[in-house]
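Notes for the one structure printed next.
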Amino acid sequence: MSFAHTCGVHDAAREAACLRLARLIEERGIQRVRLGWCDAHGLLRGKTLMPHAAIRALRDGVGMVGTLMLKDTADKTAWKVFEPGGTDDLPGFAGAANLMVLPDPESFVELPWAPGTGWLRCQPWHADGTPVALDSRRVLQTALAALARQGLGYKTGLEVEFHIYRLTDPTPQLDPERAAWPGEPPAVQMVHPGYQLQGEALIDLADEPLRIVERTALGLGLPLQSLEIELGPSQVEAVFDATDALTAADQMVLLRNGVKQALRRAGYHATFMCRPPFPNIMSSGWHLHQSVVDLASGRNVFQRDTPAPGSTPRDALHTLSDTGAHWLAGLLEHARALTPLCTPTVNGFGRFRPNALAPQAILWGRDNRGAMLRVVGSAGDAATRIENRLGEPAANPYLCMAGQIHAGLDGLQRRLAAPPGTEAPYAEGSERIPNNLGDALAALRSDTVLTHALGPAVVNHFCRIKQQELDRHTAAEDKTDFERREYFARY
């Protein structure tokens, strides 16, 4: 019996997919296949297999070091895996024991920047064939299953800001005399000067790297809609068509991984760090547009036909259905606990500033980009949705979306009511978003609803890894150098 059978995922349809992929690999002359899986930070880890080994791994899996799931942003393990009792809260991880990763044959793509190279998405399993509960992709799958039991699905569109720089000197990263853990970032210069939002001339100035982003995204099969110049120096934005949540999260991981690799080969450095370590930059956000659909019909259940009688645009029921208004209220109810899932780095909290198109308070507003939650659409509009502006582009998309789903479901199940929308998102007097990672982690730990929904082991795993990162940042004498090494070079 194959490992895929032991895991309970292999059937006739999957076997047929494996056979099709084997033929495709031979016909396309694929020379190597990368197997990628997602860590706690939403970054891809991987192994490169020769074609025959990759085909075998489709059924038998391949081993991975279990501690890859326990790393902080500096690649330091957050558990003492070689000490007795060091992993009592993590069964199956003692001694840096192996996990197994099993590829999805339907996920195969040829990497457009690496000729002759294929790629397969994997998920980790324990050696006995039980799923690894800490796998962030599985956390999202579990959340979607809970939503599906209500007959509902989650639809989202990616709107991602990031920075692109031209490499001027890779020596700091590659000089063996300066190797460190974590290492130094590369030396860079900007690709456009910024401060002219969507400036046509700046688009042309950054044309070469933007073309690489375009070719990479489309070559990976991602539904790219637009590439734009953002306000900040060397800052850009990519917008994608809306799709189901699991597909969108997969696309976010592929986008970040692919763009960084393809641009690096061409002499550029892309970073999804929120606030690159330079003067006068603009923070990058990840704006998560979301709606809930009826699984049977595909209908957007946030849409309402006509405004509620007697309502005004500041009332949630003027724009959103009852379901949408309850969902909005659930996101507000759990906003503090959602914050570290949406903004998981020390660096990202520098984005929450007044009048910076980023939120500061737990508020919603109708088409208001200063509010945490922006309600977009109107009665009769099938594209009615809620945009959550809490996120930074370094967030793990699986954990971020899973948190949104559980918070929204709690709003639905408890029939929570949203307060009036704001017209002054930066005014004093409103409840604030946590303004640092420590407070945000404490909020997540204390939210019993989200902890139960995500799973106590998942919350403990996430918070422990992030707490180790926070502790090292607190101890660092040079905070800017810490962020350059931990985030600018790696995210």
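The values are calculated or read from the model by the stated rules, or taken from the named source; none is laboratory data. From a predicted model like this one, the values you see are computed outputs, not experimental measurements. We place every Cβ from the backbone using ideal geometry, glycine too, and count neighbours over all the protein chains shown. Please note that ligands, DNA and RNA were not included when accessible areas were found on the heavy atoms of the full protein model with its side chains. Shrake-Rupley method; radii C 1.70, N 1.55, O 1.52, S 1.80 Å.
So, R0 is 56 Å and r is the distance between the beta-carbons of THR168 and MET1; what FRET efficiency does that work out to, to 0.05? Can you show the working numbers first?
Details: r = 55 Å, r/R0 = 0.98.
With R0 = 56 Å, the Cβ-Cβ based efficiency is 0.55.
For GLN196, enumerate residues with amide H under 5 Å from its amide H, sequence gap 5+ or separate chain, H modeled in the peptide plane.
none
Label GLN413 and ALA201 with points 7 Å out from Cα along Cα→Cβ: what is the distance between them in nm?
5.7 nm
Return one quarter of the surface area of the convex hull spanned by the alpha-carbon atoms of the range 10-149, equal to its mean projected area, in nm².
Directional mean of the projected Cα hull area for the range 10-149 stands at 10.0 nm².
Please give, to one decimal in nm, the separation of the simple spin-label points placed at ARG472 and LYS76, each 7 Å out from Cα toward the Cβ.
Result for the modelled spin labels: 0.5 nm.
May I ask you to compute the full-extension gain from GLU177 to LEU24, defined as 0.36 nm times their residue separation minus their alpha-carbon distance, rounded to one decimal in nm? All intermediate terms of the calculation are to be shown ahead of the outcome.
Values: separation 153, 0.36 × 153 = 55.08 nm, distance 4.43 nm.
Gain on extension, GLU177 to LEU24, equals 50.6 nm.
Taking only protein heavy atoms into account and a 1.4 Å probe, give the accessible area per residue of the chain in Å².
So the chain comes to 40 Å² accessible per residue, rounded to a whole number.
Pick out, in residue order, every one of the trypsin sites (Lys or Arg not before Pro) in the range 225-316 that is DSSP loop and has at most 15 other C-beta atoms within 10 Å; say none if there are none. Please list the in-between numbers first.
Numbers: sites: ARG256, LYS260, ARG264, ARG265, ARG299, ARG304, ARG314; in loops: ARG299, ARG304, ARG314.
Those that pass, being in a loop and sparsely packed, are ARG299, ARG314.
Please list, in order along the range 196-202, the HN-Hα scalar couplings obtained from phi with the Karplus expression 6.51 cos²θ - 1.76 cosθ + 1.60 (θ = phi - 60°), rounded to whole Hz, x for Gly and Pro.
Running phi through 6.51 cos²θ - 1.76 cosθ + 1.60 with θ = phi - 60° gives 8, 3, 6, x, 4, 5, 6 Hz.
Given the rule -39500 (n - 2.57) for each run of at least 4 DSSP H residues, summed and divided by the residues of the chain, what is its mean residue ellipticity at 222 nm, to the nearest 500 deg cm²/dmol?
Values: 16 runs with 171 residues, N = 491.
Taken over the chain, the calculation gives -10500 deg cm²/dmol.
From the protein chains alone at 1.4 Å, what is the descending order of accessible area for LYS76, LYS466, largest first? Display every interim value, and only then the final one.
Values: LYS76 60, LYS466 5 Å².
Largest accessible area first, the list is LYS76, LYS466.
Short version: ³J(HN,Hα) in whole Hz for each residue of the range 306-317, in order, from phi by Karplus 6.51 cos²θ - 1.76 cosθ + 1.60 (θ = phi - 60°), x for Gly and Pro, what are they?
With coefficients 6.51, -1.76 and 1.60, one gets 9, x, 4, x, x, 7, 10, x, 7, 8, 4, 6 Hz.
Which length gain, in nm to one decimal place, applies between ALA127 and ALA427 when the Cα-Cα distance is subtracted from 0.36 nm times their residue separation?
Between ALA127 and ALA427, full extension yields 102.6 nm more.
Where Rh denotes the Kirkwood radius from the mean inverse Cα pair distance, what is Rg over Rh for the range 77-201?
Checking Rg against Rh, the ratio lands at 1.07.
Given the whole protein assembly as supplied and a 1.4 Å probe, what does the accessible area of SER311 come to in Å², nearest 10?
That residue has around 30 Å² of solvent-accessible surface.
Along Cα→Cβ, 7 Å out, is where each label goes; now give me the distance between the ones at ALA114 and ALA457 in nm to one decimal.
Calculated label separation equals 3.1 nm.
Each residue of the range 163-175 in order: what ³J(HN,Hα) in whole Hz does its phi give by Karplus 6.51 cos²θ - 1.76 cosθ + 1.60, θ = phi - 60°, with x for Gly and Pro?
Computed from phi, the couplings for the range 163-175 are 10, 10, 10, 8, 6, 10, 7, x, 3, x, 7, 10, 6 Hz.
Could you calculate the FRET efficiency of THR480 with SER226 from 1/(1 + (r/R0)^6), where r is the beta carbon distance between them and R0 is 30 Å, rounded to 0.05?
Given R0 = 30 Å and the Cβ-Cβ separation, E is 0.35.
What length, rounded to one decimal in nm, is gained on full extension from ARG32 through to ASP367, with 0.36 nm per residue of separation minus their alpha-carbon distance?
115.9 nm
Evaluate E = 1/(1 + (r/R0)^6) for THR306 and ALA145, where r is the Cβ-Cβ distance and R0 equals 45 Å; express this FRET efficiency to the nearest 0.05.
According to the calculation, E is roughly 0.85.
List the trypsin sites (Lys or Arg not before Pro) within the range 100-178 that DSSP assigns to loop and that have no more than 11 neighbouring Cβ atoms inside 10 Å.
Hits after loop and neighbour filter: ARG149.
If I compute solvent accessible area with a 1.4 Å probe over the protein chains, what percent of it on the chain is carbon and sulfur?
It is 51 percent, rounded to a whole number.
Taking only the alpha-carbon positions of the chain and ignoring solvent, what does the Debye formula give for the base-10 log of I(q)/I(0) at q = 0.07 Å⁻¹?
Values returned for q = 0.07 Å⁻¹ are -0.37.
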